[in-house]
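Asks: Following this message is one structure expressed as structure tokens.
The values are calculated or read from the model by the stated rules, or taken from the named source; none is laboratory data. Here the structure is a predicted model, which means the values were calculated and not measured. As a convention, Cβ positions derive from the backbone with ideal geometry for all residues, glycine included, and neighbour counts pool all protein chains shown.
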Amino acid sequence: MSISLPNRAVLQGLIVYAGFVLIFLFFAVMLWDRGFLSAQNLTNIVLQTAPATVLAVGLVFVLAAGEIDLSFGAAVALSAIVAAMVMRVTVWPVGVAAGLATGMAVGFVNGAIVAYVRLPSFLVTLATMGVVAGIARELSNLQSIPVTADTFIGIFGGGKLLGIPSLVIWTVLALLIGHLVFRETRYGAHILATGDNPRAALVSGIRVARLRLSVLVVSGACAGLAGLLYAGRLQAARYTLGESDLMTVIAAVIVGGTALSGGRGTIPGALVGSLMMGMLSNGLILMGLSVSWQMIIKGLIVLAAVAVSLRDPNR
Amino acid sequence: MAPYPEGHAMTPVLQLKNIRKSFGGVTAIQDFSLDIHAGEVVALVGDNGAGKSTLIKMISGVYTPTSGDMLLDGQPADFPDASVARERGIEVVYQDLALADQQTVYMNLFLGREPVKGPLRLLDRKRMIAETDTLVKELDVRIPSASATIRDLSGGQRQGVAIARATHWAKKIILLDEPTAALGVAETARVEATIETLKARNLAIFIISHSLDQVFRLSDRICVLRRGQQIGIRETSQTDKNEIVSMITGVSK
């Protein structure tokens with residue numbers, strides 16, 4: 001205690017940056033002749049990870065509060081499908097509102113059950129994941145629903161503002177607002193306190209139940225936005241959207257330095273974790289590995305990263 | 001002789017009058033009466049299950065008495081929940097301390113009552129750190145810094161943080177539930193020294209302790225509970241351990 005070594009949590013928070021640099025250097029060397037470092041490829045990585053990064057922002061709120069959300073992938077698909085269906089019958093802004101509202105509604109149902117029926121979020125969101133995915137399939141009839149509103153596609157998909165892709169603008173916006181709220185407001189402080197020691201939060205006058213509800217609504221809102229970004233980029237909505245994001249986003253957030261057990265979280269870390277996961281997919285594809293091997297290697301790297309960043313030496 | 005300045009016709013900070021609490025058919029506390037004055041330390045002693053925690057929980061607003069009156073500064077005190085009791089100036093140092101271990105000392109001191117600044121209502125960390133530094137210095141709680149993380153502190157330092165938090169917010173009275181049960185000799189001495197400085201701040205202090213040595217070192221009066229019954233109140237300077245022990249156990253000396 002008298003020696004001023006940096007806090008263990010601080011050191012662990014830095015690991016994601018080291019991992020990011022290592023993986024980047026590895027691919028830069030291995031794939032120097034296959035265009036990994038080209039501006040186009042690097043831009044691609046950023047664009048492809050945009051929805052996952054938005055989801056990661058929401059998940060930091062949830063994990064830091066000591067809860068978990070397994071349903072956000074399904075909520076992405078349902079939000080995109082609802083938005084696309086609404087846009088077919090009316091103007092696009094209504095579709096956007098419907099998409100966001102869908103994501104938030106899923107989050108609200110999750111949160112209400114967790115906070116007021118007092119069931120563990122793991123089980124609640126595991127169940128709603130199935131329900132929501134089923135509704136997405138039923139609504140869309142397993143078909144892809146095209147999105148044709150040009151303005152919508154410009155704003156949420158391929159458009160640019162002052163040369164910056166709109167996907168990047170949305171992602172940066174989500175990151176900045178998320179970081180500000182999480183780090184600099186009482187709400188953020190109360191999330192951390194609740195995830196850390198719910199009893200302490202309660203006797204300090206923090207409304208723990210309401211807070212638990214709110215973080216799941218935040219996650220649902222992020223799922224809604226991610227669904228709109230997918231629909232804009234792909235110009236279609238499909239029940240498979242967001243399916244593969246579940247593991248990737250959870251891994252990105254944890255590797256980034258957010259505690260699965262609550263009480264600790266970082267949004268910059270989640271961004272780097274998300275970019276790292278995107279870079280990993282991209283590099284493994286460029287190396288010509290089959291999907292099976294990509295899955296195996298990604299899984300192992302996540303395991304290694306989590307082991308290094310989360311292992312408690314006192315346990 | 002009174003333990004508070006003679007001739008000072010002060011209203012007691014806290015008055016408990018004929019307090020009774022029952023849970024269903026079980027009476028946890030029956031007919032308990034006590035006045036606590038500013039600048040006074042009253043110790044509550046009794047065996048396990050005597051009702052000490054129940055009494056603390058009624059004063060802090062967690063439980064409502066079944067019957068009887070509670071007065072704070074002479075005003076009726078009916079607390080619908082603990083946050084109202086806190087607003088009225090009653091703070092509790094819980095046995096488990098109620099600290100968020102992965103957060104900083106200053107965030108714990110302001111937990112649930114963080115100051116904000118500007119139109120965006122952002123956390124005023126500068127103010128929290130400054131006030132923490134001042135308080136820690138005044139109470140002589142020795143911690144590395146206001147920005148240290150709780151889990152990096154020793155048991156005594158954590159206890160110091162919990163007491164500092166209560167002191168910062170308490171306007172009237174601090175309830176301490178076994179403040180040194182988990183501490184070593186040196187750390188206990190430090191925490192006792194901290195409690196002494198609270199007296200000087202003119203707070204009323206109500207302390208539960210199993211250590212009679214500690215009770216005799218710290219308190220002005222001792223109140224004994226046995227199986228929910230108030231056995232008696234003694235001036236600490238007018239009694240001895242034998243009397244208190246026989247009051248606690250019910251075995252005459």
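Asks: Identify the residue in region B:25-68 that is under 21 Å from B:ARG86 (Cβ atoms) and polar (S, T, N, Q) and, among all such residues, is surrounded by the fewest Cβ atoms within 10 Å (Cβ to Cβ).
Replies: B:THR64
Asks: Need a quick list: helices (runs of 4 or more DSSP H) entirely within region B:67-153 having at least 1 residues that are of a type in the set (Ser, Thr, Tyr) and within 10 Å of chain A (Cβ to nearest Cβ).
Replies: B:82-87
Asks: Please go through (1) within 30 Å of A:LYS160 (Cβ to Cβ); (2) out of contact with any Leu (no Cβ under 6 Å at 6 or more places or on another chain); (3) buried (at least 24 other Cβ atoms within 10 Å of the Cβ); (4) at pLDDT 90 or above for A:GLY73 and return the number of the only condition it doesn't satisfy.
Replies: All conditions are met except number (2).
Asks: Can you go through A:ALA251, A:ALA307 and tell me which one is in contact with a helix residue (DSSP H, G or I) (Cβ under 7 Å, 6 or more places away or on another chain) and at negative phi?
Replies: Residue meeting the stated conditions: A:ALA251.
Asks: Find all pairs meeting these conditions: Cβ atoms under 8 angstrom apart; at least six residues apart or on different chains; first residue within region B:55-74 and under 16 Å from B:GLY24 (Cβ atoms); second residue of a type in the set (Gly, Ala, Ser).
Replies: Partner pairs satisfying both residue conditions: B:THR66/B:SER22.
Residue-by-condition table, conditions (1) among the β-branched types (Val, Ile, Thr); (2) touching a Leu at 6+ places or on another chain (Cβ under 9 Å); (3) within 14 Å of chain B (Cβ to nearest Cβ):
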{"site": "A:ALA223", "(1), (2), (3)": "no, yes, no"}
{"site": "A:ALA237", "(1), (2), (3)": "no, no, no"}
{"site": "A:ASP245", "(1), (2), (3)": "no, yes, no"}
{"site": "A:VAL249", "(1), (2), (3)": "yes, yes, no"}
{"site": "A:ALA259", "(1), (2), (3)": "no, yes, yes"}
{"site": "A:LEU275", "(1), (2), (3)": "no, no, no"}
{"site": "A:LEU286", "(1), (2), (3)": "no, yes, no"}
{"site": "A:VAL308", "(1), (2), (3)": "yes, no, no"}
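Asks: All but one of (1) touching a Phe, Trp or Tyr at 6+ places or on another chain (Cβ under 8 Å); (2) assigned to a helix (DSSP H, G or I); (3) at pLDDT 95 or above hold for A:ALA28, so report the exception by its number.
Replies: With (1) touching a Phe, Trp or Tyr at 6+ places or on another chain (Cβ under 8 Å); (2) assigned to a helix (DSSP H, G or I); (3) at pLDDT 95 or above applied to A:ALA28, the lone miss is (3).
Asks: Sticking with this one: So which helices (runs of 4 or more DSSP H) are wholly in region A:193-282 and hold at least 3 residues that are touching a residue at least 40 places away in the same chain (Cβ under 8 Å) and surrounded by 23 or more Cβ atoms within 10 Å (Cβ to Cβ)?
Replies: A:208-234, A:245-255
Asks: Looking at B:SER252, B:SER237, which is the one that is surrounded by fewer than 17 Cβ atoms within 10 Å (Cβ to Cβ), outside any strand (DSSP E or B) and at pLDDT 90 or above?
Replies: B:SER237
Asks: Continuing with the same structure: Could you go through region B:155-164 and let me know if any residue there is away from every other protein chain (no Cβ under 12 Å) and among the hydrophobic types (A, V, I, L, M, F, W, C).
Replies: Checking region B:155-164: at least one residue is away from every other protein chain (no Cβ under 12 Å) and among the hydrophobic types (A, V, I, L, M, F, W, C).
Asks: State which residue is farthest from A:ALA65 (Cα to Cα) when the search covers only region A:187-208 and only residues that are more than 7 Å from chain B (Cβ to nearest Cβ) and β-branched (Val, Ile, Thr).
Replies: That would be A:VAL208.
Asks: Between a first residue in region A:172-186 that is within 11 Å of another protein chain (Cβ to nearest Cβ) and assigned to a helix (DSSP H, G or I) and a second residue that is surrounded by fewer than 17 Cβ atoms within 10 Å (Cβ to Cβ) and charged (D, E, K, R), which pairs have beta carbons less than 8 Å apart while being 6 or more apart in sequence or on different chains?
Replies: Pairs found: A:ARG186/B:ARG121.
Asks: From B:SER83, B:SER33, B:SER67, which residue is under 30 Å from A:GLY188 (Cα atoms) and polar (S, T, N, Q)?
Replies: Going through B:SER83, B:SER33, B:SER67 in turn, the sole match is B:SER83.
Asks: Scan region A:117-137 and tell me whether some residue there is within 21 Å of A:LEU229 (Cα to Cα), surrounded by fewer than 14 Cβ atoms within 10 Å (Cβ to Cβ), modelled with pLDDT of 95 or more and of a type in the set (A, V, I, L, M). Don't jump to the end; show me each part of the working.
Replies: The initial filter retains those residues of region A:117-137 that are within 21 Å of A:LEU229 (Cα to Cα), namely A:129, A:132-133, A:135-137.
Narrowing the set further to residues that are surrounded by fewer than 14 Cβ atoms within 10 Å (Cβ to Cβ) leaves none.
Taking every residue of region A:117-137 in turn, none turns out to be within 21 Å of A:LEU229 (Cα to Cα), surrounded by fewer than 14 Cβ atoms within 10 Å (Cβ to Cβ), modelled with pLDDT of 95 or more and of a type in the set (A, V, I, L, M).
Asks: Scanning for something farther than 14 Å from A:ALA231 by Cβ, in a helix (DSSP H, G or I) and under 20 Å from the mean Cα position of the chain (by Cα), does region A:142-162 turn up at least one residue?
Replies: no
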